[in-house]
1. Enumerate the calculated ³J(HN,Hα) couplings along the range A:68-80 in order (Karplus 6.51 cos²θ - 1.76 cosθ + 1.60, θ = phi - 60°), each rounded to whole Hz, writing x wherever the residue is Gly or Pro.
2. With each label point set 7 Å from Cα along the Cα-Cβ vector, what nm distance links residue B:145 and residue A:262?
3. Calculate the spin-label point distance for residue A:167 paired with residue A:380, positioning each point 7 Å from the Cα along the beta-carbon direction, and give it in nanometres.
4. Quick one: A:138, A:239, fewest Cβ neighbours within 10 Å first, how do they rank?
5. Magnitude of the Cβ-charge dipole of the protein assembly as shown, K/R +1 and D/E -1, about the Cα centre, nearest 20 debye?
6. Can you tell me the Rg and the Dmax, both Å, for the Cα atoms in the range B:39-126?
7. Based on DSSP loop calls and a cut-off of at most 16 other Cβ atoms within 10 Å, the longest stretch of chain B free of exposed trypsin sites (Lys or Arg not before Pro) is what?
8. Provide the FRET efficiency to the nearest 0.05 for the residue A:245-residue B:77 pair, computing r from the beta carbons and using R0 = 56 Å.
Amino acid sequence: MAWRNIWRNKTRSLVIMVSIALGMFAGVAVLALYEGMMVSRIRTVIDEETGHIQIHHPKFSEESETKYTIGNSRDLIQKIKTIPEITLINQRQLVNGMLSTPTGTAGVQIIGVDTLTEYDFSSLKQKIREGNGLVPDKHHQAIIGMKLAAKMKLRIGSKLVLMFNDTTNDLVTAAFRVSAIYRSTNAPLDERLIYVSRDELGELIGLAGQCHQLGIKLRDDKDVEAAARKLKSMLPGLKVQTWKDISPETEFMVRTVDTYSYIIMIIIMTALAFGILNTMLMAIMERTREIGMIAALGTSRKRIFLLVLLETAFLTLAGAPAGILAGWLTANYFHKTGLDLSGMGEEMMSNFGFRTLIYPEFPAEKLIPVLTIVVITAFLSSLLPAMKAIRMKPIDALRN
Amino acid sequence: MSDIVIDTHNISRVYNPTTIPIYAIRNVHLHIKRGEFTALVGPSGSGKTTLLNLIGGLDKPDEGQIFINGTDITTLSPGKLIDFRLHNIGFVFQSFNLIPVLTARENAEFIMLLQGKSKAERGTRMKQLFNQIDLEDKMDSRPGELSGGQQQRVAVARALASKPQFVLADEPTANLDSKSASNLLDIMDKLNREENITFLFSTHDQRVIDRARRVITLVDGQVATDTNVIDTSAPH
Ligand SMILES: Nc1ncnc2c1ncn2[C@@H]1O[C@H](COP(=O)(O)OP(=O)(O)OP(=O)(O)O)[C@@H](O)[C@H]1O
Ligand SMILES: [Mg+2]
């Protein structure tokens, strides 16, 4: 009978079903977008920033003084290579310093890199927007970020002076020329990081053949913990960190966004709940006499209560899958084509380290909690109409 | 005792007891025996509906007791009362009797479903009842597709489906044209004679009153006259 009642006022039932479907769709879409943003952020961190695992001198991360290297890196690399999960090892020298040009000065981090492995490790080549990168035959070249270039009014071929300490804490000054300008998805880093040749930097600071950081790429994201464990036992004197350790804000962001998405779901559902409540109340009021009549005939209050509940349940169950399906189709579509969010402001997105092209992911693992929220919403919003229905007195309802 | 189905003991029902009290029913003593075919008449506002509601357990008297087949229904809890109505009393209301989304047959079955009767039992009973109300061909029609008279006949079938002690009908013919009204009365009359079903119905309509075999007149909530009509219209 509850089922038949749904068809009684088709428009009204349709409105409920469509709004539940829309609510579900909006919820799924928001979750998919967030999920996509998070996946993309994690990819950016791993593929372009930290890699899967990094190895440093234990004191380096606190004091980052030039002298804290990881020792003879060639031997180390030979040793590490035996771990099967590892696909790429990238050496870097890291020095904090000062950049000065006629325009002014800026604090920077100078990264000494081996061009080819760095290209693989942090997708540096793809980030280069102007210029050729570090060409082997030329000396004292530097790749700088677009933001820094704009701030310091630097162009390809511009001269810049870098100052930093060597291992003995003596100040070193060296002149470089801008050979390329890069742009990543992480604007704050673009203002700080300058890439130069590792051999040249090593000579300048007196650490040829050594490095401060080994960046490691793995075959699969899932291998991170296992590989890190192996490395830790292999290299007791060094600090082994996964991308989660290095970039805890990413991990934190993922969790915060999870919470946010539930809050958004709950807001959507609250709006829905009022819609359901209102519509069901109307449906009950319209049927005052009928409900009074079946109560007079001897229908127990429990049954009348269930009738109203069931009616709402049917509407929800008809609406929710449609919404989820629509959400799934849309998420899948944009998962393939990508969703260009540059309209939201490329500047803003990159300040938070996000790409503007997002590939939404259908939040399959969140489906159960989302459905639970929907079912609870429908249940709660039908409680009041159901109570109203059982409070109707048959004689009042039947009187003309 | 056993053939007295309805027995009201000095019942009264007062509306608005705190402001201007209205005695809708005042000290009514009434005995209805099994198999009676009784009309409850009286001017508008005389308390007919109130009395039927009290007997039907839809309302409680402010004084007195009501015994249905020996059970004092004024002492039953609301839940028990609902169940008592379901198993003992058949109702036919003046209008909005049927649930529009169910077919005639489903409407008539409704009470049996609530009682948890088996499908087979319901099936045979429905066949029999729709035959008796002469609507076998309309079993699967929705109420909207039936005339007012046909709807009331379905309501009678529903009232009888559970084999109640008696059927209460508050102005069952009020919304019917005279042909449909007399047709409905024919069916009630037949069920009364052939199956010994007890009917108590209120009415304003003289032609309906003429069909009753006992007429109780209410005036200002009190029984004014109570007459057994000499049966002149017996068939055969
Ligand atoms: N809920 C109520 N509150 C107050 N007064 C009521 C209520 N119900 C009925 N009454 C009063 O009780 C009296 C009896 O009403 P009742 O409906 O029983 O009369 P009736 O004989 O069925 O009338 P009718 O022929 O018009 O249907 C009337 O005076 C009516 O105004
Ligand atoms: Mg009345």
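Every number in this text was worked out from the coordinates using simple rules, so none of it is lab data. Keep in mind the model is a prediction, meaning the values are calculated, not measured. Please note: Cβ atoms are built from the backbone with ideal geometry, for glycine as well, and neighbour counts cover all protein chains shown.
1. Residue by residue, the range A:68-80 yields 7, 9, 8, x, 6, 6, 4, 4, 4, 4, 4, 5, 5 Hz.
2. So the two model labels end up 5.2 nm from each other.
3. With each label point 7 Å from Cα toward Cβ, the separation is 6.5 nm.
4. Lowest to highest Cβ neighbour count: A:138, A:239.
5. 360
6. Final numbers for Rg and Dmax: 15.6, 45 Å.
7. Free of exposed loop sites, the longest segment is B:118-236.
8. Result of the calculation: an efficiency of 0.25.
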